[in-house]
Amino acid sequence: MTAPFTITLDTGALIALERAERRMRIVAAATNECGGLLIVPAPVVIEWWRGDRQGSRRRQSRIFESIWVEPTTATLAKLAGEALAAIPGATPIDALVMASAAQRGDVVYTSDFEDLERLKSYFPNVRVLRA
């Protein structure tokens, strides 16, 4: 994975992209134009890739081809677990998204802004933006 910059997406951002919401279309197009890379931690795909909702499988497949799915390494899992211990009420996948982004100093796009923003106290080098 070599890219001039990377952006991490959570489940809500993938759903927004699937629904062709304007903001996420612009983010994805600009990232692609600039040679950047959209990164999605593997467990996020589990939340997102559900049955064929209203004929969305084709859109999901196109999106899937345009992202890099990051495997969950032991190091990443431990970092997310430490964040869970430090931030009461955080969820495992939110902690994993933030831990993933923190490794690279990424921006995270999310529809779950408040929850990921709370995790910023553990991952101060991550910027959280609404999807």
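The values are calculated or read from the model by the stated rules, or taken from the named source; none is laboratory data. These numbers were taken from a predicted model, which means no experiment stands behind them.
Where helices (runs of 4 or more DSSP H) fall entirely within the range 6-51, those with at least 1 residues that are within 9 Å of the chain's Cα centre (by Cα) and either under 14 Å from Thr110 (Cα atoms) or at pLDDT 95 or above (or both) are at 11-18, 42-48.
Go through Arg62, Arg127, Arg58 for me and flag whichever is more than 16 Å from the chain's Cα centre (by Cα) and under 22 Å from Ala3 (Cα atoms). Answer to the check: Arg62.
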